[in-house]
Structure formats: structure tokens, C-alpha cells
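Since the structure comes first, as C-alpha cells, the remarks are kept for the end.
The values are calculated or read from the model by the stated rules, or taken from the named source; none is laboratory data. The structure presented is a predicted model; accordingly, all values stated were derived computationally and were not measured. All Cβ positions, even for glycine, are placed from backbone atoms using ideal geometry, and neighbour counts span all protein chains on display. Keep in mind that these areas ignore ligands, DNA and RNA; they rest on the heavy atoms of the full protein, side chains included. Shrake-Rupley method; radii C 1.70, N 1.55, O 1.52, S 1.80 Å.
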Amino acid sequence: LRGMPGSFKKCVNSIFRLKKLDPGISLGISSLICGENLHELPEFLDWVLRELPIDRINFQAYQQVTEYKGKKWWETSALWPNDEKTVIHSLDYLAEKTQNEKKITNHPIQCEKFKRYFLNPQSTLGIECPAGAFNFSVSHTGDVIGCIAMGPVGNIKHADAVDIYQKRFSDVRNRAVACEENCHFLINCYFPLHWSRWEHLVKKMVKEDTESIYKPGPIVL
């Protein structure tokens with residue numbers, strides 16, 4: 001997907017080389033779920049857990065990250081998963097594996113959020129948006145982004161980072177409170193930050209007749 005032939009093999013070789021150089025090193029994989037690889041997710045996950053000397057693996061759902069393309073951007077995306085049966089099968093498999101496999105850092109409820117999101121990108125995920133509170137994203141050009149839909153709120157090359165956060169992020173926070181769009185903040189990067197108050201959020205995320213499964217683990221950003 002990165003357009004570099006042989007990159008997967010190089011990544012795998014690098015993992016083994018790093019582990020050989022330092023057996024005590026902690027290695028992890030972050031894998032993006034999209035339409036191109038969703039059907040391979042169960043097989044890929046089993047292969048990683050069986051063959052690679054890694055300590056953890058984290059999955060993220062395909063999303064807009066650096067460029068806002070509108071509320072219905074997925075309708076024209078070649079990487080959006082459109083096969084509902086594959087979405088359900090693969091993400092149910094992932095959710096089941098997370099319950100017993102400690103190397104998977106995703107929570108079972110997060111896997112359910114992935115599934116609901118892919119089946120209906122505009123569905124309510126029941127997660128509070130942390131934009132403007134937990135995040136301070138800086139692009140390679142120095143632009144500071146609190147909410148991707150708002151665009152840059154400053155640039156660290158031309159303004160003090162603390163000033164940007166204190167004086168300009170209030171608008172980002174205000175938008176987050178009222179925003180109903182699903183973005184990478186909700187389902188990917190900042191989802192694990194809610195674990196510190198998991199019991200409070202579980203009541204909002206699951207139905208009353210659904211058993212909640214608490215899975216402690218490292219925070220992965």
C-alpha cells in the first residue's frame with residue numbers, strides 16, 4: 001500500500017534483526033485495517049502471533065488522518081471495505097482473539113466499534129471526542145492540528161507551542177463537544193486513553209444485556 005516493492009519483507013527482516021541484536025527489546029506492530037487486507041486479517045494475525053518475535057500488535061481502522069475530505073469521503077475511497085460479510089467475519093475473529101491473547105492491545109469493545117464503523121461510517125459510536133484535550137498533533141511542516149476538519153490552528157515555526165495550545169485550542173474543544181463525525185481520534189489513536197476510566201465509559205458503549213470484558217494493557221498511541 002505504500003508503493004514500495006519489498007517493504008513488507010524488509011520490515012519482517014528488521015524485526016528479526018532487532019530481536020537478535022537485543023533479545024530484551026520491546027517490539028510492536030501497528031496494522032491498518034482496510035478493504036485491501038480485511039479478508040486476510042485472521043490469517044495475518046495468526047501468522048504474526050505464531051512467527052514473529054513481537055511483544056504486541058495493535059490494529060487501527062482506515063480513516064482520514066492528515067487531510068479532511070468531507071463527511072462522506074469513504075464513498076469514493078478505493079480502500080474502503082464494502083463486503084459486509086468480510087467485515088463481520090474478520091472483526092468478530094479479532095474481537096474473540098483479543099479476549100485471550102495478551103499481545104493484542106485492542107480491547108474487544110474497540111473491535112466492535114471497528115465493525116460498526118465499517119458497516120455504517122455515520123453510526124453513533126458512543127465515544128467522547130478528545131480533540132483539543134489529549135492531542136497536540138504536529139505535521140511535518142509544523143502545522144498544529146487539533147481537529148482534522150478544522151485544519152491547522154497554528155504553526156510551531158511561527159508561534160509558541162504553549163500559546164497555540166492555551167489560546168487556540170478552545171475552539172477545537174468546543175467543536176469536539178458538538179461534533180458527530182467519526183474520526184481517527186475516536187476509534188484509533190485515542191481510544192485506549194479511555195481505559196483509565198473504563199467502567200464509566202463501558203455503560204455508554206455496551207447494551208445492558210452485554211457482558212463487559214475489562215482488558216488492561218499498555219496504552220498505544
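Ignoring ligands, DNA and RNA, what percent of the accessible area of the range 86-134 is carbon or sulfur (1.4 Å)? Could you put the intermediate results ahead of the total?
Values: 970 of 2090 Å².
The computed percentage sits at 47.
Order of 68-77, 176-185, 109-118, 90-99 by packing, highest average Cβ count within 10 Å first?
Numbers: 68-77: 12.9, 176-185: 16.9, 109-118: 23.1, 90-99: 19.3.
The most tightly packed comes first, giving 109-118, 90-99, 176-185, 68-77.
Please work out how much accessible surface ASP46 shows to a 1.4 Å probe, ignoring ligands, DNA and RNA, in Å² rounded to 10.
50 Å²
Can you pick out the pairs among LYS9/LYS97; LYS10/LYS85; LYS72/LYS115; LYS69/LYS97 whose Cα atoms lie more than 23 Å from each other? Don't jump to the answer; show the numbers that get you there.
Working: LYS9/LYS97 25 Å; LYS10/LYS85 32 Å; LYS72/LYS115 18 Å; LYS69/LYS97 33 Å.
In this structure, LYS9/LYS97; LYS10/LYS85; LYS69/LYS97 lie more than 23 Å apart at Cα.
So how much slack lies between ILE156 and SER7, counting 0.36 nm per residue of separation and subtracting their Cα-Cα distance, in nm?
Details: separation 149, 0.36 × 149 = 53.64 nm, distance 3.24 nm.
Contour length minus the Cα-Cα distance gives 50.4 nm.
What does the extension gain come out to for GLN122 and LYS71, with contour length at 0.36 nm per residue minus their alpha carbon separation? Could the numbers behind the result be given before it?
Details: separation 51, 0.36 × 51 = 18.36 nm, distance 0.86 nm.
Roughly 17.5 nm would be gained on extension.
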